Each structure stands twice: as C-alpha cells, then as structure tokens.
Amino acid sequence: MPDLATVAPASGAPAPDASLPTAGRRRALGLSFWAPAAWIALVAFGAAFAAVLPLKSPTRSDFAHIAAVPGTGGHLLGTDEIGRDILSRLVYGARVSLTVGLVAVAVGLVVGGAIGLLAGYHRGKTETVLMGIVDVMLAFPALVLVIAVTAFLGQSLRNVTVAVAIVAVPAFARVARSATISCVHRDFVTAARGMGATTWRVLRREVLPNAVLPVAAFALVVVGVAIIAEGGLAFLGLSVPPPHPSWGSMIYGGKNKLADGTAPFISLIPAGVMFLTVLSFNVVGDHLRSRFDTRAGVL
Amino acid sequence: MTAVLEVEHLVVEFPAGRGQRVHAVSDVSFDVAEGETLGLVGESGCGKSTVARAVLQLPRPTSGTVRVSGRDLTALRGKALRAARRDVQLVFQDPISSLNPRRRVTDLVAEPLAIAGVREARRHRVSAALEAVGLPPEVADARPHQLSGGQCQRVSIARALVQEPKIVICDEPVSSLDVSVQAQILNLLEDMKHRYSVSLVFISHDLAVVKNISDRVAVMYLGKLCEVAPADDLYRSPMHPYTRALIASIPSAPGPRAKLTGELPSPLQPPSGCRFRTRCPLAQARCAQEEPVLTERQPGHAVACHFPVA
Amino acid sequence: MTLLAQTALATPLLDVRDLVVHLRAPGGTVRAVDGVSFRLAPGEVLGLVGESGSGKTVMARALLGLTPRHAIARASGEVLFLGRDLRALGERALRDVRGREVAMVFQDPMTALNPVMTIGAQLAEPMRHHLGLGRREARTRAIELLERVGIPSPQRRVSDYPHHLSGGMRQRVVLAIALSCGPKLLIADEPTTALDVTVQAQILDLIGDLQHEQQMAVVLISHDLEVVGGRADRIAVMYAGRIVEQAAARAVFDAPRMPYTEALLRSVPRLDQPSHTRLEAIPGRPPGLDAALVGCRFAPRCPRADDRCRSEEPALGADDAAPDHLYRCWYPV
C-alpha cells in the first residue's frame, strides 16, 4: 500500500491522511464463553425436542422406584417423591422455564423498550406521562401483581408468561429511557436532524441501534431473573398446574425429602440445573456486552 | 454582495426552573456574505454554540429570524424546514461523538443524500467527497472508533459537503484535535471552501485559529455581540475592552498582560446595561444604565461599547 | 534558577533516568514511555510539551507511581527525588511523598475534586494526614490558602461544595490543595487545557507566583507550546514516548534543532500572521506505540529524512558549542 503519509501534498490538494490505526484486536472468545453457551444450547435443544427424545414419561410414576437414587432402575437422574423420572421432568420443565424466560423478556423488551424510547426522545409531557405510568407499575409489589394476574386469569404457561412480562415492562422502560437519553445528547443525533431527517428516521437509524446495546445486555440478565421468578411462582403453586413439570415445582415437590435428608437430590438436581442455566445466561450476556461496546477505546 | 445567511435579532432563552430563564443569546444580528468566512469567538457561556444550533432551528430560537438565501427558516415547518436544512450544515467539535458509532464511513457520508432521496450517482458523490477531504478509499468501510480524531473530522466535513450546501457552520471543529492535526484540518477547510464555494461560520474560543481562517470576526460575551470587524483589523486595533482582554490573555501575545479579573456573571441574571461592565476596567455609570448598541465606528468595524478604545 | 546553576548542582531535585513504562492494551503492549531522562533543579520550571500519544501523561503519573498496577506490562528506570528512587519505594513510603513533598495537579478540575466533600474538608485532608494538624488549625490554614489562590470570600467558600464553583475556581482550589503541605515539586498535567483562555492566563500566572514564593520546582505539561513558552526555564519536547529535544525555553523557540519542534512551531497559527496564511501542516500522524519502532520515530513525517534516519534511531546528543541544547536528530535544523 503506498505510504500516503509521506507524500508531500500537491498545491491545492489537502494533505492526505491514509493510515488506519490498528483496531483493538478483540479478545478471542474462550472457554468462559463457549461453556455456558453450550449449556444454554443443550437446554434449549432439550426443550425444543423433548417429544422426540428417548425419554421416559415425565408424568407417569414408576412405583417400583420411588425416590430412587440417580442411576438405579434405568433412571439416569433418579426419580422424584412419587416415582416420576427426574431427567425427563427436567427436560420438559426446561420448556416452561425457557418459555417464560425468553418470551416474557422479549415482550418486556419490545413493549418496555418502546415506551422508554419514546419517553427518552421526546422528553417533556410525553416523558412525564409515560414514566409516571411506569413508576406506578414499578411501585406495585411484583409478587402481589403476579398472584393477582394468575388468580384472575388462571394457571397456565401463557398466563405465567404474561404475568412475568407485565413485571418486566417497567424495568425495561427505565433502562431504555436512560439509554435513549444518553444517546440523544450526542452530536450525531443533532447532525441527523440537522440534515433534515424525520423523527422516525432518526429514531430508527440513529437512536435505536445505539440504545439497543445496553438494553440487550440488560435483557440477558433479566432472562435469568425471569427463570428464577417462574421457579419461585411454581414453588408457590402459581405456575403451570400439575402434572406438568416445572423446575420450581420439582424443587417444591422434593422439599420434604430434602428436609429429612432422605433424598435431597430430588430438589437439588433441578435447583442445580436452574443455577447453571441462569449463570450461563449472565456470563454469555457479559461477553456479548463487552464485545459490542464500541466505546471501549484502544489505548 | 449577496448575503447567504442573515440572522436578525436572534434570541434564545431556556427555562431554568423556579421561573428563571437562561439568557443564552440576546438579540444577536449578523450577516454572512457569499464566499465569506465569519469567525465567531468567545469563551464558554457566551452563547456561540447556541447561536449555531439556533440557526439550524435545533432548538427553535425564542424569537428572531434566520434567512438562508432569502428563505426564513423560522417560518418554515415540517417538510419545508427539513428541505431547507440541506443548505446549512453543521460540523461539530467532538469528531467521534458526531458520527454514529454503529455505521460505516460510506453510510455516514451518504446519509444526507439518502435523507434527501437522492438515488443517482450517490456512490460516486460519496467517494468524490471522501477523496476531496483526503481520505483514501480503504477508510470507507471502517467504523468511527477505528479512525483517529483527525480522520473522523474529515469524515464529518465530507458529510457536511456532500450535499453542496450554501453554508457550513463549524462549531469548534479543531478544539479536540492535536496541534499538528489542527493545521491539516484548517488547511482542509480553506481548500473545501474554495472547491465547493461555500460560506463558513467558524466558531471557536481560540483566537489565533479564528484569525487564521476568517475574513471577518465577531466577538461574543454573555449572549451579546461585542465587536465585529475584519480579522486583521480586529487583532490589530481592537476597540472593545473585552476583545482587548481576550487578545492580551493569549500566551504568545506581545505586550503587557492585562489580566481579566472577576468571574463570568450568571446568564440567569445578566448585568443591566452593558453585560461586560462588571469586569471592565473602563466601566462608568452610564454602562449600568444604558445598553450599548453595536455601531460602526470605522468602515466595516462595529463595536457595542460606550467608551471604545480608539 | 538558571541552567548554569542547575548544572553546577551536585544533586538535582528530580533526576529521571531512562524511565520506561509499557502498558497492557487489548492488542498487545503500548510503549507509552520508552526511555525518558531529564533533570530538574530546585525552583526550576521545566515545560514538557507533547501531543496526544507522546506519552507525557503516562510519564507524569509514573513519576509518582500512580499508574494502575494491573495496566503495566513492563516498567524500568529510576525516578530519583532528592536522591531517593521513588520507583523503589513501597506504597506506604510513596504515600508519604505524595502530597507532602511532590504534589500533582490534573487537567480536569471538574473531576479532580470529590463532589460530596466540602472544599474545606478536601483542603484539610492532606494537611491533617501529612502535617498532623488538628481540625481547627487545618480549617484556618485552608482559609488562608483559599485567599492566597485568589478565591474571594474564603470564609464562606470553605464550606461550599465543588459544584458551587466555576471551572477556574475549582482549579484554584486544586492548586491550593496541592500546595497545602509545601511541596518541593509540583507536577502540573495540562492544568489549563480545560479552561477558557482568560482563566488560563490567570491560573498560569498564579502557578508562576506560587512557584516564586515557595521556591518550588514545577514540571508543566502541556500540548500547547505557547502555554509553556513564557513560563518555563527549560523545555523538553516529547514525541512517541521519547524526549526529542531539551533546551532552555528561548532556545527551543528561537532556534529549534529537531525538525519536529520546528514543524510544530510552524504549524500553529499565530496572531502576528495575517488572516488566511497557509499553515505548514505536518503530514500524517504520530506513530502507534504498539510495535517496536525502527529508526527515528519522526522519520515517516520528516521532510529531511533519509535511509539512515529510517534504519538507525539517533541518540539524544548536543553540539559542543551548545552542550545544554539536547536533540535527537541526524540532520538537525
């Protein structure tokens, strides 16, 4: 490549500025990314293909092996307190957890994000009204709200998802609003408006791509929270009704055997799986966030 | 000579809570002729950046008119305003934050054309603009964070010029750049001015830089114009005490250093009469009672002062 | 103190010998400071000039051991303050030196002060720690200091919080804090860059007055040659991690030997030039510091460079006729 930096500028021509500074080479994604990503993929795979996998029935009890230790009687992870295969219940339960986690968060992201974006861009009365509604929702105790929703709508996967989504919307609205505000202050938004762009174009091309990053990073953390929330609701008996398995209800079911120490694995295995899944989402979220944060400059 | 930009009685005030208002710009009027570079100089809080944005109606000024090639922007709305904005472009101070970090250079420079709905020859115009500002074709696919400050500023300038506007307002375009890069960008702006036949409004706090690039210079203090004169005249024989103090503060200025004492008054409650009187060594009773009007004392040289230095 | 007196002194106040600081960066290492040496006599003012990427800020912090440990890839050299190597001191001993014998002032007055502590409390802190003053005594002294740095109504201001003050005022407070324990050396890293030009002049004058009064040595760091020009006894020019020229201030302005210094002086617009004077811009950009550089670091941008410059880096030397004017060039101006 010709070294333009040393060429003396011809009269009238501006001095050229050729060289690209070396962009900071991104740290290669190591095991700390791929291990949790693999786990999430595994859980998702199981949830998606549960029906076609060679699993025992999650709802039928094997009366010969009640609370069987993992590995006995053909049950890879043992059986629960009424003899149902834990492994298959985990896989079917993953459906519930991932659906609530991902769908509720997606809904919260889209609805809450839109509210926050509009509030942050327009400010003034729009912001006051929108954020006022958001504040009211946030002030409502989440648990009470969810109980009310499920009591009103009934227990089902759809209703649990709706309930968690309702609680997620105000949180996303706040994060989206502050991300939007910090974006709108920057000169390139003024530049776009100065070039004659419509509000819609500015939001779509300038604000959204930049505001979405912190919101997406937040979303991955919220997935973890949503999964735990569903687990807690299931523990309270507010999630999908039995016999449909859910990680939370599995923990609940095994609580007596945990308390008296006879078969702690019935609760601990689903708890461990939930732990690993939430941790994986957090770690992957961290990696993706630091990778796409273009403001982290090179020294 | 035809005036490309005519600003008349521009007032910009912001509400500041508890019934107070920030008087950012108070009754400022100036013209920019075709092919001219007007320098706008002042320290922080004088309102020069607010003037720049008010000209573009971002935000709309509280009152006053802004005419670009005869068309009054303050009277335009919606689509007509957006169309008129193409004639006035803005180059910002911080080169990196004025470019969308998620877009590539070609897209950034093409944006004004895309907004205006120009389809034909778009790619050609973009590469012509990049070449004109001295950026090689390899830079086209880079993102702003991969470029240096000087290169980002060149991209900004290319973006401002690609639509061939009538006037480009540069708000402190070289203040965040290194000294050796400043000179490159200043030379570039001069070249572009001739090549694209644009007028420039060059805003800066750096007096030497402003003198170098401007035909005429206007000095602002606390929202008001103090003095307007041809560049060489202003520095050779400044008449307003504030201008004299500014020039004397420059480290390399010859002569004794007349230190400017005191603090900038609050723009919430600017002093009555002449706003500079609280720090002026020549202030008298009249200065508190009567606000001085910008009047021409010598051909082309106007001052707003009751007791200008001869 | 004149250059002559300085060379006659047996122990300089500050003697930096071959300081090297390489930092960790995502792509590798950045050789921010690559062998810097200079001396400072008591009461002398050294102006350190360099653009961004020259390494001057990294060097300023390295003098007091303020570079974060985890960021250092490699560091060597000596920083002798009154004969003691600051780099060899442990953290506790260094803390006694910082603020007490060597003080530092940073660029941005907005962030240099703690927003949740009053001015008085921040002023009193070093005095109480280093000098053991009691609370009342420290407060009295704080008010005296505020007065000395030109803050009006100091008795009232001492209970204010930083956000009540303007940028210029804050920088004066920062100076007052730096001087509170009577240091022998002040390192001022771009102290006026963030301030308006009229305030800049005030602050620089203040530093000059205080320097005379307290016979304090000052390392004045700036990217602006003009700022440093009128205020320094000697000037050192840094480029790409090294000092490329070092001489008495007047000599650097009137007769620079290093082409970079000369080009820098010529590329800055001056008030005595007529409007629209074409500036002599230096083409290109300072080199990235992530790779080992071969030959003279300014060669890619130098109009006088030839093959020897590109393959062999010149050492810092001087002519016999002017032994105090050091420069790093095969073909000096």
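The values are calculated or read from the model by the stated rules, or taken from the named source; none is laboratory data. If you're wondering where the values come from, they're calculated on a predicted model, not measured in any experiment. Cβ atoms come from the backbone with ideal geometry, glycine included; neighbour counts cover every protein chain shown.
The table for this structure:
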item: Residue in the range C:194-201 that is at negative phi, more than 11 Å from chain B (Cβ to nearest Cβ) and of a type in the set (A, V, I, L, M, F, W, C) present; result: no
item: Candidate set: the range C:129-178, residues that are β-branched (Val, Ile, Thr) and assigned to a helix (DSSP H, G or I); chosen: the one nearest to C:Arg98 (Cα to Cα); result: C:Ile177
item: 1 or more residues basic (Lys, Arg) and surrounded by fewer than 17 Cβ atoms within 10 Å (Cβ to Cβ): qualifying helices (runs of 4 or more DSSP H) within the range C:1-107; result: C:91-97
item: Complete set of residues in the range B:172-228 that are within 8 Å of another protein chain (Cβ to nearest Cβ), under 28 Å from B:Ser266 (Cα atoms) and surrounded by fewer than 23 Cβ atoms within 10 Å (Cβ to Cβ); result: B:His205, B:Asp206, B:Ala208
item: Residue within the range C:69-86 that is acidic (Asp, Glu) and in contact with a strand residue (DSSP E or B) (Cβ under 7 Å, 6 or more places away or on another chain) present; result: yes
item: Which listed residue, of C:Thr140, C:Thr118, is more than 17 Å from C:Gly208 (Cα to Cα) and surrounded by fewer than 17 Cβ atoms within 10 Å (Cβ to Cβ); result: C:Thr140
item: Considering residues of the range C:1-34 that are among the small types (Gly, Ala, Ser) and either more than 16 Å from the chain's Cα centre (by Cα) or over 22 Å from C:Leu220 (Cβ atoms) (or both) only, the residue modelled with the lowest pLDDT; result: C:Ala8
item: Which numbered condition B:Arg236 fails, given (1) more than 9 Å from chain C (Cβ to nearest Cβ); (2) closer than 28 Å to B:Arg279 by Cβ; (3) in contact with a helix residue (DSSP H, G or I) (Cβ under 9 Å, 6 or more places away or on another chain); (4) free of Cβ contacts under 8 Å to residues at least 60 places away in the same chain; result: (3)
item: Cβ pairs under 9 Å, 6+ apart, first in the range B:47-66 and within 12 Å of chain A (Cβ to nearest Cβ), second of a type in the set (Phe, Trp, Tyr); result: B:Pro59/B:Phe14
item: Filter pass, A:Arg95 being exposed (fewer than 15 other Cβ atoms within 10 Å of the Cβ), among the basic types (Lys, Arg) and part of a helix (DSSP H, G or I); result: no
item: Single residue of B:Ala84, B:Ala16 found to be touching a helix residue (DSSP H, G or I) at 6+ places or on another chain (Cβ under 9 Å) and surrounded by fewer than 22 Cβ atoms within 10 Å (Cβ to Cβ); result: B:Ala84
item: Single residue of A:Pro241, A:Pro245, A:Pro270 found to be over 22 Å from the mean Cα position of the chain (by Cα), closer than 19 Å to A:Ser61 by Cβ and not hydroxyl-bearing (Ser, Thr, Tyr); result: A:Pro241
item: Residue pairs meeting the criteria (Cβ under 7 Å; at least 6 apart or on separate chains; first within 21 Å of C:Ala263 (Cα to Cα), in the range C:38-54; second surrounded by 24 or more Cβ atoms within 10 Å (Cβ to Cβ) and of a type in the set (Phe, Trp, Tyr)); result: C:Gly50/C:Tyr239; C:Ser54/C:Tyr239
item: Check on B:Val155, closer than 23 Å to B:Ser176 by Cα and at the interface with chain A (Cβ under 8 Å from one of its Cβ atoms); result: no
item: Tally, over the range C:243-273, of residues that are in a strand (DSSP E or B) and either surrounded by fewer than 22 Cβ atoms within 10 Å (Cβ to Cβ) or facing chain B (nearest Cβ under 8 Å) (or both); result: 1
item: Given (1) in a strand (DSSP E or B); (2) in contact with a His (Cβ under 9 Å, 6 or more places away or on another chain), number of the condition B:Glu43 does not satisfy; result: (1)
item: The range C:158-169: number of residues that are over 29 Å from the mean Cα position of the chain (by Cα) and within 14 Å of chain B (Cβ to nearest Cβ); result: 1
item: Residue selected from the range B:87-136 under the condition in a helix (DSSP H, G or I) and among the charged types (D, E, K, R), by the criterion nearest to the other protein chains (Cβ to nearest Cβ); result: B:Glu111
item: Residue match in the range A:110-128 (condition: outside any helix (DSSP H, G or I) and surrounded by 13 or more Cβ atoms within 10 Å (Cβ to Cβ)); result: yes
item: Residues (of a type outside the set (D, E, K, R) and surrounded by fewer than 22 Cβ atoms within 10 Å (Cβ to Cβ)) located in the range B:33-49; result: B:Ala33, B:Gly35, B:Ser44, B:Gly45, B:Ser49
item: Filter result (within 13 Å of chain A (Cβ to nearest Cβ), more than 22 Å from C:Asp34 (Cα to Cα) and of a type outside the set (Asp, Glu)) within the range C:274-313; result: C:Arg278, C:Leu279, C:Ala281, C:Ile282, C:Pro283, C:Pro303, C:Arg304
item: Lone unmet requirement of (1) more than 14 Å from chain C (Cβ to nearest Cβ); (2) of a type outside the set (Lys, Arg); (3) in a loop (DSSP other than H, G, I, E, B) for B:Cys287; result: (3)
item: Some residue of the range A:201-220 being without any contact (Cβ under 8 Å) to a residue 24 or more places away in the chain and in contact with a Ser or Thr (Cβ under 9 Å, 6 or more places away or on another chain); result: no
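Residue-by-condition table, conditions (1) under 25 Å from A:Thr150 (Cβ atoms); (2) buried (at least 23 other Cβ atoms within 10 Å of the Cβ); (3) polar (S, T, N, Q):
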residue: A:Pro241; (1), (2), (3): yes, no, no
residue: A:Ser246; (1), (2), (3): yes, yes, yes
residue: A:Leu258; (1), (2), (3): no, no, no
residue: A:Pro264; (1), (2), (3): no, no, no
residue: A:Ile269; (1), (2), (3): no, no, no
residue: A:Val273; (1), (2), (3): yes, no, no
